[in-house]
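What follows is a set of notes on a single structure, which appears directly below.
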Amino acid sequence: MAFDPAEEIERFHAAINALDFPVIEAYFAEDATYVSNGVGSLAGRGEIMAAFRRYFDDYPDQTAENSLVETLTPLSGRSVWSLRATHSTSGKPLIREGEETITFNEDGRITQVEVTDYKDF
C-alpha cells in the first residue's frame, strides 16, 4: 500500500487529540524540526516532545479539528485546522486557526512541521 501523507496527518492529529504521547513521539524522526508560534522553533524529537508536554500541561482540554487535509507531494501534506482550549491555570480561553505543512521521510516519520497561525494569539 502506498504511503499517503494526508492519511498519516489525520492519524497524527488523532494521536494529538487523544494526548497519546507515545504515539506522538513515535511519529517524529530523531532529527525532526518543528516551527510554530505555539511552541517555538524546535530541533530534535526530545525537544519537540518536551514542548508538546509543556503545551498540553497548559492546555489539557484542547479540541482541534481539521477543515482540510491534503497531500502535497509523495512525502508531504498540509492541513487547515482550528482549535479551542482553556489555560489550566489562568482559565483564559485559547482559540487558534491556521495551517501546517508536514514532511515525512521514507520511513513515514515526520522530519519537519511548519505551523502558520492565521492570527496572533
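Some observations on this one:
- Surface accessible to a 1.4 Å probe, per residue, for the residues of the chain, Å²: 56 Å²
- Residues whose placed amide H lies under 5 Å from that of residue 72, excluding near-sequence neighbours: 77, 78
- Relative frequency of Cα-Cα separations exceeding 18 Å in the stretch 1-86, percent: 48 percent
- With the simple spin-label model, which puts each label point 7 Å out from Cα in the Cβ direction, the residue 23 to residue 94 separation comes to 2.1 nm.
- Computed magnitude of the charge dipole of the chain (debye, nearest 20; Cβ of K, R +1, Cβ of D, E -1): 400 debye
- Considering helices alone, the calculated mean residue ellipticity of the chain at 222 nm is -8500 deg cm²/dmol, with DSSP H runs of length four and up weighted by -39500 (n - 2.57) and normalised per residue.
- GNM flexibility winner over the chain from 96, 54, 11 (Cα, springs under 10 Å): 54
The values are calculated or read from the model by the stated rules, or taken from the named source; none is laboratory data. The structure displayed is predicted, hence computed values, not measured ones. As a convention, Cβ positions derive from the backbone with ideal geometry for all residues, glycine included, and neighbour counts pool all protein chains shown. Heavy atoms of the whole protein, side chains included, go into the accessibility calculation; ligands, DNA and RNA do not. Shrake-Rupley method; radii C 1.70, N 1.55, O 1.52, S 1.80 Å.
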